[in-house]
1. So, in segment 267-282, of the ones that are under 14 Å from ASP99 (Cα atoms) and either among the charged types (D, E, K, R) or touching a residue at least 12 places away in the same chain (Cβ under 8 Å) (or both), which residue ends up surrounded by the most Cβ atoms within 10 Å (Cβ to Cβ)?
2. Considering only segment 239-248, I want to know if a residue exists there that is under 18 Å from the mean Cα position of the chain (by Cα), without any contact (Cβ under 8 Å) to a residue 24 or more places away in the chain and either under 24 Å from VAL130 (Cα atoms) or open to solvent by 30 Å² or more (accessible area, probe 1.4 Å) (or both).
3. Residues of segment 139-168 being surrounded by fewer than 20 Cβ atoms within 10 Å (Cβ to Cβ) and not basic (Lys, Arg), which ones?
4. What about GLU125, is it outside any helix (DSSP H, G or I) and charged (D, E, K, R)?
5. Between PHE175, PHE171, which is surrounded by fewer than 24 Cβ atoms within 10 Å (Cβ to Cβ) and either of a type in the set (S, T, N, Q) or touching a residue at least 12 places away in the same chain (Cβ under 8 Å) (or both)?
6. What's the total number of residues in segment 106-138 that are closer than 21 Å to THR91 by Cβ, under 18 Å from the mean Cα position of the chain (by Cα) and of a type outside the set (Asp, Glu)?
7. Just to verify a result, which residue in segment 249-266, among those that are over 16 Å from GLY236 (Cβ atoms) and touching an Asp or Glu at 6+ places or on another chain (Cβ under 9 Å), is surrounded by the fewest Cβ atoms within 10 Å (Cβ to Cβ)?
8. Please specify each residue of segment 86-126 satisfying the condition of being open to solvent by less than 30 Å² (accessible area, probe 1.4 Å), among the aliphatic types (A, V, I, L, M) and touching a strand residue (DSSP E or B) at 6+ places or on another chain (Cβ under 7 Å).
Amino acid sequence: MKYFAYPMRGSMVVLKSVILTVFCLVLAAPVLAQRTFDVQLWQKKAPNNNSLGDTAYVKVYLPEKKHATGRAVVICPGGGYEHLAMGHEGTDWAPFFNDQGIAAIVLHYRMPAGNPKVPVSDAEEALRLVRRNAQAWHIDADNVGIMGFSAGGHLASAVATLSKDDAKPNFQILFYPVITMLDGYCHQGSRKNLLGEHARKKDEQKYCTDMQVTRVTPRAFIALSDDDHVVQPMNGVNYYAELYRHDVPASLHVYPSGGHGYGLRTNFRYHIEMLLDLKAWLQSF
């Protein structure tokens, strides 16, 4: 007859505590290795002042030098062009990228208050800043992308389609992005905050980023949920369709559920799948 010794309740608690501690140390290790610092975006007076008094800066997270791949991504949190979700759509992503040797630069951009040039100029300057510091930060100036969530996704896609030269990203990552600015189809809050109460038709069309896609638009990863009732899924789907039509490499991931605004939150049902999809895409080029 075989006898099995079962640990007492107290021993189980201790064992769980030890396992949790080890798990936390494993997760924390990459974070301890990274270099983290803030940089004011504008050393002099910022252009396109929005009169709100907010400032633009970036939080820079550099991977350990020996693991750096040279790739970097500027991250634009969402918030309807009214506030910024700096955590789960911003700084929380730094370990994910740093673990892959990718520098993460989280952008705290100014709110437009009806002037779209305000956040766009901030995002463009963030890309220029990364490229100006490419050598010091061990970054390849030709491998700098932009990432955005919701309204931040709109900002990222606007820069990807409208900006030029050293302000143009090499790739784009969009999560449940606001794309269109057409009244009746867009996210109304983002449209109002970006273009103002009485948007001009000219600006409305200019910032419908699906209308601005060309053959030189950078490759894209797009993720959204089928049951998003805040930003209609067709925003991202139409953007993908235009990328496809213009022969721009793109990957579209529509998850069955999840709604809107999950970012890096682990309660998103497809959290693991999403991370694996994004990691695979980043390794594809």
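1. Only one residue tops the list, namely LEU278.
2. yes
3. Those that are surrounded by fewer than 20 Cβ atoms within 10 Å (Cβ to Cβ) and not basic (Lys, Arg): ASP140, ALA141, ASP142, ASN143, LEU162, SER163, ASP165, ASP166, ALA167.
4. Taking the combined requirement at face value, the residue does not satisfy it.
5. Result of the check over PHE175, PHE171: PHE171.
6. Final tally of qualifying residues: 12.
7. Among them, the one singled out is ARG265.
8. Scanning segment 86-126 gives ALA94, ILE102, ALA103, ALA104, ILE105, VAL106, LEU107, ALA123, ALA126.
The values are calculated or read from the model by the stated rules, or taken from the named source; none is laboratory data. This is a predicted model, so every value here is computed, not measured. Every residue, glycine among them, receives a Cβ derived from its backbone with ideal geometry; neighbour counts consider all protein chains shown. Note: areas computed on protein heavy atoms with side chains; ligands, DNA, RNA excluded. Shrake-Rupley method; radii C 1.70, N 1.55, O 1.52, S 1.80 Å.
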